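Data first, discussion second: the structure below is written as structure tokens.
Just so it is clear, none of the values below were taken in a lab; they were calculated from the coordinates. Worth saying up front: this structure is predicted, and the values here are computed from it rather than measured. So basically every Cβ, Gly included, is an ideal-geometry build from the backbone, and we count neighbours across all protein chains shown.
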Ligand code: SIN
Ligand code: CO
């Protein structure tokens, strides 16, 4: 890959404003797109990004697929038989680019590449809490992942070559059995389009679709997470349990509350689940309480939690606090491409950690979170706030934010 300086903030990408027509959305405003299409129906947008360049070249994508840090899959359909392997893939483990019917998919490219992150940022008219990742697929002629459906919203942006998309809102979403990937048993398309570089197809969840490369092609998928109700409930209860344990061990004399059974009589059926146990545990569970703050704190920490394979890159020779602030004043600072920063009125959530939104923090944090960037001049207006500089310097040392060290 070409040498890139991870420390140079780029100016923030202009996020389309809700009521301004956007080329990206075929001249719809984001507000119109959300009302008419989001989670509702597919939309084909010709030349959403005219003159687009693939954020990564084929070789750069292959290099990323060779790394432990990236999640990649190789899907082949040789002699009409589906096969799937998980990466990393050394260059000689991929089929020849001259061979047809295979595709390589690399997940979370935005975590590794600033250009991919910038592309993802164009979709920030949708809340960050829903934004998942940018995947890039490379395919040779005939390559694809088969007819399938996804449970999330996706923008399929053609970044190189051509791909024929067929899609439809069929009810029968049953899958073929015994395959290493999800392929629909029956697929009937209502619509069919060939996408060229810059064209984009938006698909809401559960629309059956099949994209087949026409010659060598690359497609970027901007995906939006939609955790299932059971995942959310399970994770929320886990979050709540941790909080209850913390509060109890900090406050109660006896520490964490436990089941006790001083009234348990001797038994002649030892395998029988004791009715007393069921009653007592029922009473413990009935005592669990939560409010909207608990839900917000769960969502903020859960949705900003880095994915398991995310490792931040702290600066090798960090600037001291004064020098760091000088550089920030000169050229501003930006969130690292891997950082997730969410907030609400009461708290902010950064990479899985939360803190209160104090009056001082409120002056600059929402701006940093929304723009993913803080202009140099903001440090002049906010100068004198030592708590801010200490905090920002800590984040910088952790690799969560970046300044231009040469400023
Ligand atoms: C692809 O890029 O080949 C697959 C994307 C998808 O259909 O979800
Ligand atoms: Co799909």
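Structural remarks
- Two-decimal Rg to Rh for region 1-141 - Kirkwood Rh, Cα set: 1.02
- Packing around the peptides 16-24, 388-396, taken as the average count of other Cβ atoms within 10 Å per residue, puts them in this order, highest first: 388-396, 16-24.
- Prolate/oblate/rounded label for region 23-224 (Cα gyration tensor, a/c 1.5): oblate
- The peptide list 230-237, 375-382, 213-220, put in order of mean Cβ contacts within 10 Å with the highest first, becomes 213-220, 375-382, 230-237.
- Shape metrics for region 321-403, restricted to C-alpha atoms - Rg then Dmax, Å: 11.6, 32
- Per the Debye formula on identical point scatterers at the alpha carbon atoms of region 351-393, with no solvent, log10 I(q)/I(0) at q = 0.15, 0.16 Å⁻¹ is -0.36, -0.42.
- Spatial separation of Cα centroids for region 22-99 and region 149-194, in angstrom: 14 Å
- Peptides 344-357, 158-171 ordered by packing proxy, namely the average of other Cβ atoms within 10 Å per residue, highest first: 158-171, 344-357.
- With contributions of -39500 (n - 2.57) from each DSSP H run of at least four residues, the per-residue ellipticity at 222 nm computed over the chain stands at -8000 deg cm²/dmol.
- Taking the square roots of five times each eigenvalue of the Cα gyration tensor of the chain, the equivalent ellipsoid has semi-axes of 39, 34, 21 Å, listed largest first.
- Reference-scaled alpha-carbon Rg (2.2 N^0.38 Å with N residues) for region 176-330: 1.81
- Computed as a quarter of the hull surface, the mean projected area of the alpha carbon convex hull for region 268-313 stands at 6.6 nm².
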